[in-house]
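Asker: Before I ask anything, let me first share the structure, which is written out below as structure tokens.
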Amino acid sequence: MIALKYDQDYTQVFHSPGVEPWVTGLLKVVRPRSVLDVGCGLGFWGVVLRGYLGVDRVVCVDVDPVKVSFARGLGVYSELHVSDIRSFECAGCFDVVLAVESIHGIVDVDLIRRLESMVRDGGLIVMALPGSRLGGRVLTSLGYNVCRYLLRGFILVRVDGREVL
């Protein structure tokens, strides 16, 4: 089992610059080789993942073709797909599934299981469910660790025995 250490105080600071440094710090520790960027938008996370963290394979999925077209122009994604995550097919392909500010408060066990199916054994799902206390309760009841980020309802999900301490 791999244990990851995160800065517990960071998630409790109201004046923090946002969730991005926290997630980036976590991913620096995890060192994923492949990441699925769910709801990639204009490609912010693609730039961070490829340019700063040096991730080998970064795949973009978003429902908005205009945003995917913009992200394509950045040249940082290995693959880009215009698709709803519920219909995207890619079982067990990624070290990390990143869904930061893309599924906006959707608490759906089927969707969580769908994201799980896309992660390799020992992989992580990192997502934000803004303002969703119910999401935290549901995920905790399913056996996941949940870290609350006070500004945006950040949630980190444990998969396959990997613990966030």
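The values are calculated or read from the model by the stated rules, or taken from the named source; none is laboratory data. Quick caveat, the model's predicted, so the values are computed rather than measured. No Cβ is skipped: glycine too gets one built from the backbone with ideal geometry, and neighbour counts run over all protein chains shown. Accessible surface areas use protein heavy atoms only, side chains included; no ligands, DNA or RNA. Shrake-Rupley method; radii C 1.70, N 1.55, O 1.52, S 1.80 Å.
Asker: Do you know which residues across the stretch 17-43 are over 20 Å from Glu116 (Cα atoms) and either over 15 Å from the mean Cα position of the chain (by Cα) or touching a residue at least 12 places away in the same chain (Cβ under 8 Å) (or both)?
Answerer: Once the filter is applied, which keeps residues that are over 20 Å from Glu116 (Cα atoms) and either over 15 Å from the mean Cα position of the chain (by Cα) or touching a residue at least 12 places away in the same chain (Cβ under 8 Å) (or both), the stretch 17-43 yields Pro17, Gly18, Val19, Glu20, Trp22, Thr24, Gly25, Lys28, Val29, Gly41, Leu42, Gly43.
Asker: Can you pull out the residues in the stretch 30-39 that are at pLDDT below 95, out of contact with any helix residue (DSSP H, G or I) (no Cβ under 8 Å at 6 or more places or on another chain) and more than 14 Å from Gly122 (Cβ to Cβ)?
Answerer: Gly39 - this is the single residue of the stretch 30-39 that is at pLDDT below 95, out of contact with any helix residue (DSSP H, G or I) (no Cβ under 8 Å at 6 or more places or on another chain) and more than 14 Å from Gly122 (Cβ to Cβ).
Asker: Moving on to the next point. Residue check, Gly105 against (1) more than 20 Å from Arg120 (Cβ to Cβ); (2) at pLDDT 90 or above; (3) open to solvent by less than 70 Å² (accessible area, probe 1.4 Å), all met but one. Which one?
Answerer: Condition (2) is where Gly105 drops out.
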